[in-house]
Amino acid sequence: MVSPLTKKLLRDLWRLRGQVLAISLVIGAGVAVFVMSMGTLRSLEEIRAAYYERHRFAEVFAQAKRAPERLKTEISRIPGIKRVETRIVEEVILDIEGLAEPATGRLISTPEGRPATLNLLYLREGRSVARAQPDEVVMGEAMMMAHGFRLEDRLQAVINGRKRTLTIIGVGLSPEYVYSIPAGALMPDDKRFGVLWMGREALEAAFDMDGAFNDVALTLQRDADATAVVAALDRLLEPYGGAGAYQRKDQLSHWYLQGEMDQLKTLIVLIPPIFFGVAAFLLNIVLGRLVATEREQIGLLKAFGYTNRDVALQYLKLALALVMVGILVGFGSGAWFGRVVTGFYADFFRFPFLYYRLSTDVFALAAAIGVMVAALGTLGAVRQAVALPPAEAMAPAPPTFYRKTLLEHLILLVHFGEPTRMILRHIIRWPLRSSLTVLGVSLGMALLVGTLFFIDAIDHLMEVYFYRAQRADFVVTLVNPRGPEALHEMARLPGVLSAEPIRIVPAKLRAGHRERRASILGVGPEADLMRLLDEEERPVPMPPEGLALSVKLAEALGVGLGDEVTVQVTEGRRPKRTLHVVAVSESYIGTPAYMGLASLNRLMGEGAVISGANLMVDARHADSLNRRLKDTPAVAAVTVKSAAVESFEKTMAEAMMAIISFYIGFAGAVAFGVVYNSAQVSLSERARELASLRVLGFTRGEVAYILLGELGLMVLFSIPLGGAIGYGLAWFWTVSLDTDLYRIPLVVEPATYGIAVLVVVVAGLISGLLVRRRLDGLNLVEVLKTRE
Amino acid sequence: MNDTRTPTLRAEGLTKVYETGDVPVHALNGVDLALYEAEVAVLLGPSGSGKSTLLNILGGLDRPSGGHVFFHGDELTAFDERDLTSYRREKVGFVFQFYNLIPSLTARENVQIVTEIATDPMDATEALRLVGLEARLDHFPAQLSGGEQQRVAIARAVAKRPKVLLCDEPTGALDSKTGILVLEAIETINREFGTTTALITHNAAIADMGDRVILFGDGRITELRENTERRPPGELVW
Ligand SMILES: Nc1ncnc2c1ncn2[C@@H]1O[C@H](COP(=O)(O)OP(=O)(O)OP(=O)(O)O)[C@@H](O)[C@H]1O
Ligand SMILES: [Mg+2]
């Protein structure tokens, strides 16, 4: 037999179904975010580990100018090394049909006729390169898909000054290019950057690298000292133009992937607790008020001899049931969102396979957290129920003691109608309850502001980066640094309105015991196409002497204005100098360092050379400029801003938007849940009072006004508070999601507040309508007959 | 009083002070009282004189500020929360003026909620038959009249076969005809099970159905009256 208490529980749940739904929605949102992010993270972690392992992803990397192949034997003698692979890696300009701008191809040598030792290729399609077929390449899947290439398609490449036609004979993936992005770029642009694997002999011939290599990758023995290996490798490569060896954690693809996973971790840590917190809060309100309205029933149960434990259990069970519904909703939607989000990741990150794996422990953990939320949210109410002495509970609740407080006197100086007075009195009489409701609605709105904010932030980041700091329409990088005449040549290219020199030098920066790898950018005295920005994002001139750091880099090194930083250049003659920090510049993306162009050149001792140019271009001549650049052998890479912006908006922004939309959807659900819940609670609480008014001759409209007027007033109060909390939340994100990849600017546009307000108001209206319908259907006789 | 009957409940020097307001309210000012095995005691007194307070203390719902209560040999006032709970669970049945049914449970379920946790209860249906409600088993409180609701409350109170039945103005909200039905139910229980019964009322006519009448005023007993014979509720008029 089902016990009467269980029946009561079920009937209570049914009676409260509106609120059950609202709370489930909120808990469901928290569980869904958790299941989604945690599941995605797990999938990424597992798949990455398996991929790295099976495809022997190297652990230490180094580049050099040109080292003799016999050095390989010496390298393999470094203690702790397991396997060594030498390679030739070169960047070339690609001329792809249908693409106006020149693209960049990274040619990577692969042994002909046998698999590589490290960083093994995963062949998705076709075959690997064959001996004596120098024009065959395996193309990375990303570029392959971006252009819709098929096997046997051809493309033009300018290889060591000569234009050649390459044939795609395979589609490959490598653990080295899970995320394929050219050095110094912001985000992947698979149309304009791609990896191509070419035969080692073919590359040796093309770049005069017979018996030589310029890139080496190693794996380590289990107990090897990686730092010692890096140092030893640096020593061996130094005479051959070694650019500084680095460990896997600094490898570009891995670094981005890791950054992305760290962010996911942060999301798991930050977002679900907010949803769970709101849910616990709602539970508290609902159960608290339920206990208040059921105080006589509780007293009755106690009078019959039910123990405090029985009573506590009853309400705990109710909360658990509420939470269970939420957990189930969260499981379903979380798994679904997880699949969708993993799909987005599969577009950025090239794994041989990427799937969202449902692991039971993620669900178990989510469920456990849900149950904890239930316990937490019930605690107050249960304690209240337990504390009720049976005798007191038996006496009918004394009529609420209304008294004219000073505040009330002040407010009621204005002549309001009696219903309006009732609203105001009710709010004033229950200040705690009213403020809790206001707080709840505010939290819903804050979540909206705090998620919509990401869109503002990305927009702002784009604006600052592309239009205030990096203003060049074209950025041209040269194969080798060249003299100042190269700048004049570029200035004379068709459509070029102005050209400014670029000098990029790789270096290690050290302050105290902290060290960072960074690129030092040389900034000319009148640079207008690449500018430093102060903390208000206004352009400031680069001081001619000293070192300027991006905010993030300064933070990482723990230095500020006037502090000393030791610069160890890892190119050319590898000069080492201690410089003062003369400026700290806002750069939301990356961690660049800057020096005056002249002083950088003096430091390098190579004369007034440039490694590229920033160009301002007349858009009408962009096509002919593109054609010329594609045919210029000295050009290693061209970045076209409009294309970069477009690609950013197409790929990154799209995926990010989709993920953010989930959060916005969840936040909307919370806002609605809180508002609807508050309306429901006040209805059930005041049903008798309102029914009595109806009996006294008040119309439905007047009675609805009393209830809904209060709700409206609460929503009104919530709006400024919600905006403020939302801004705080945005601030919190910027602080906690601050990574080496980028910093998030704290900008909340008025439109964001507007949308959040709109959602809350619409939620209020819908809740009002639903409650109004229940109010109209109120059975006066039944309400007045039973004493609840 | 030189009574030889065994008291079920005995109170000595009970006081109760409520400190909730600005001035302390002395609800009970030293009450000495015994309720005997199988008797019906009727408590009469003006509003605010402390009747409900006394009943709540006797039923283990509340604690006195001073004095002692004994149930058979055990001192109730020395019980801890758990003992009080099991005292209420096993020994006491309550009937209240406002019925206090649980609105989300049917008549039968409202009784079952008590039989569930009692050691030797009667069947819920049987208890409802005792009060003449066998035809209303599956009605919710909102579908019952006031008198019917009160009879459900009585069925609920007696279903556990309590030693003590405490009724606080059980007819207060009912017309005389319905009130008599309710009183008859109480009387039947008392006769059939020998339940010690205390009944609070404002209605002097009801005093005739008791073995004894206890008159209350200002927190103390002002007069004890013994009826030579109990008049059946059916003969009462008001
Ligand atoms: N919880 C309480 N807090 C403060 N005073 C109380 C409380 N309960 C009862 N009183 C006061 O104690 C006194 C006795 O109350 P009690 O309810 O026992 O009276 P009663 O005889 O049952 O009256 P009635 O016939 O009106 O039910 C009254 O003055 C009442 O105001
Ligand atoms: Mg009373």
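Run down A:Val286, A:Val311 and say which single residue is modelled with pLDDT under 80, over 30 Å from A:Ala228 (Cα atoms) and open to solvent by less than 20 Å² (accessible area, probe 1.4 Å).
A:Val286
Does A:Ala205 qualify as being outside any loop (DSSP other than H, G, I, E, B) and out of contact with any helix residue (DSSP H, G or I) (no Cβ under 7 Å at 6 or more places or on another chain)?
yes
Among the residues of the range A:478-513, which ones are in contact (Cβ under 8 Å) with a residue 40 or more places away in the chain, over 24 Å from A:Tyr246 (Cβ atoms) and open to solvent by 50 Å² or more (accessible area, probe 1.4 Å)?
A:Arg482, A:Pro484, A:Leu497, listed by residue number.
Among the residues of the range A:607-617, is any open to solvent by 20 Å² or more (accessible area, probe 1.4 Å), within 23 Å of A:Met462 (Cβ to Cβ), outside any strand (DSSP E or B) and not aliphatic (A, V, I, L, M)?
No, because not a single residue in the range A:607-617 is open to solvent by 20 Å² or more (accessible area, probe 1.4 Å), within 23 Å of A:Met462 (Cβ to Cβ), outside any strand (DSSP E or B) and not aliphatic (A, V, I, L, M).
Note down all Cβ pairs under 8 Å where the first residue falls in the range A:1-28 and is under 22 Å from A:Val674 (Cα atoms) and basic (Lys, Arg), the second is assigned to a helix (DSSP H, G or I) and open to solvent by less than 50 Å² (accessible area, probe 1.4 Å), and they're at least six residues apart or on different chains.
none
Would you kindly identify the helices (runs of 4 or more DSSP H) lying entirely within the range A:1-101 that contain at least 3 residues that are more than 14 Å from chain B (Cβ to nearest Cβ)?
Where helices (runs of 4 or more DSSP H) fall fully within the range A:1-101 and carry at least 3 residues being more than 14 Å from chain B (Cβ to nearest Cβ), they are A:17-54, A:71-76.
Within the range A:90-122, track down each residue that is open to solvent by less than 40 Å² (accessible area, probe 1.4 Å) and more than 19 Å from A:Pro188 (Cα to Cα).
A:Ser109, A:Thr110, A:Pro111, A:Glu112, A:Ala116, A:Thr117, A:Leu118, A:Asn119, A:Leu120
Please go through the range B:159-199 and give me each residue that is within 13 Å of another protein chain (Cβ to nearest Cβ), among the small types (Gly, Ala, Ser) and either away from ligand 2 (no atom under 16 Å from the Cβ) or open to solvent by less than 10 Å² (accessible area, probe 1.4 Å) (or both), ordered by number.
B:Ala159
Kindly provide the set of residues from the range B:1-35 that are open to solvent by 20 Å² or more (accessible area, probe 1.4 Å) and within 17 Å of the chain's Cα centre (by Cα), ordered by number.
Once the filter is applied, which keeps residues that are open to solvent by 20 Å² or more (accessible area, probe 1.4 Å) and within 17 Å of the chain's Cα centre (by Cα), the range B:1-35 yields B:Pro7, B:Arg10.
Would you pick out the residues in the range A:629-652 that are surrounded by fewer than 16 Cβ atoms within 10 Å (Cβ to Cβ) and of a type in the set (D, E, K, R)?
A:Asp631, A:Glu646, A:Glu649, A:Lys650
Just to be sure, is B:Gly48 surrounded by fewer than 21 Cβ atoms within 10 Å (Cβ to Cβ) and either within 12 Å of ligand 1 (Cβ to nearest atom) or assigned to a helix (DSSP H, G or I) (or both)?
yes
Search the range B:200-219 for residues being assigned to a strand (DSSP E or B) and either within 18 Å of B:Gly172 (Cα to Cα) or within 16 Å of ligand 2 (Cβ to nearest atom) (or both), and hand back the single one that is most open to solvent (accessible area, probe 1.4 Å).
Residue satisfying both the conditions and the ranking: B:Leu215.
Considering only the range B:79-156, give the helices (runs of 4 or more DSSP H) lying wholly within it that have at least 1 residues that are small (Gly, Ala, Ser) and without any contact (Cβ under 8 Å) to a residue 24 or more places away in the chain.
Qualifying helices (runs of 4 or more DSSP H): B:81-91.
Taking the stated definitions as given, is B:Pro46 away from ligand 2 (no atom under 13 Å from the Cβ), at pLDDT below 95 and more than 13 Å from every other protein chain (Cβ to nearest Cβ)?
no
Surrounded by fewer than 17 Cβ atoms within 10 Å (Cβ to Cβ), among the charged types (D, E, K, R) and touching an Asp or Glu at 6+ places or on another chain (Cβ under 9 Å): does that describe B:Asp80?
Criteria not met by B:Asp80.
Matching residues to (1) touching a helix residue (DSSP H, G or I) at 6+ places or on another chain (Cβ under 8 Å); (2) within 25 Å of B:Glu116 (Cβ to Cβ); (3) more than 15 Å from ligand 1 (Cβ to nearest atom):
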position: B:Leu61; (1), (2), (3): yes, yes, no
position: B:Phe70; (1), (2), (3): yes, no, yes
position: B:Gly73; (1), (2), (3): no, no, yes
position: B:Asp80; (1), (2), (3): no, yes, yes
position: B:Leu84; (1), (2), (3): yes, yes, yes
position: B:Arg89; (1), (2), (3): no, yes, yes
position: B:Gly93; (1), (2), (3): yes, yes, yes
position: B:Asn100; (1), (2), (3): yes, yes, no
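Give me the pairs, please: first residue somewhere in the range B:51-75 and within 16 Å of ligand 2 (Cβ to nearest atom), second residue anywhere and of a type in the set (Phe, Trp, Tyr), beta-carbon distance under 8 Å, and either six or more positions apart or on two chains.
B:Lys51/B:Phe216; B:Leu54/B:Phe216; B:Gly59/B:Phe94; B:Leu61/B:Phe94
Of the residues B:Ala155, B:Ala135, which single one is more than 16 Å from ligand 2 (Cβ to nearest atom), among the hydrophobic types (A, V, I, L, M, F, W, C) and within 22 Å of B:Leu58 (Cα to Cα)?
Unique residue meeting the criteria: B:Ala155.
Quick check on my filter: what residues within the range B:117-158 are touching a strand residue (DSSP E or B) at 6+ places or on another chain (Cβ under 8 Å), closer than 14 Å to B:Ala173 by Cβ and not small (Gly, Ala, Ser)?
Within the range B:117-158, B:Gln150, B:Ile154 qualify.
The values are calculated or read from the model by the stated rules, or taken from the named source; none is laboratory data. Predicted, not measured: the structure shown is a model, and the values here were computed from it. All Cβ positions, glycine included, derive from the backbone under ideal geometry; neighbour counts span all protein chains shown. The accessibility values were calculated without ligands, DNA or RNA, using every heavy atom of the protein model including side chains. Shrake-Rupley method; radii C 1.70, N 1.55, O 1.52, S 1.80 Å.
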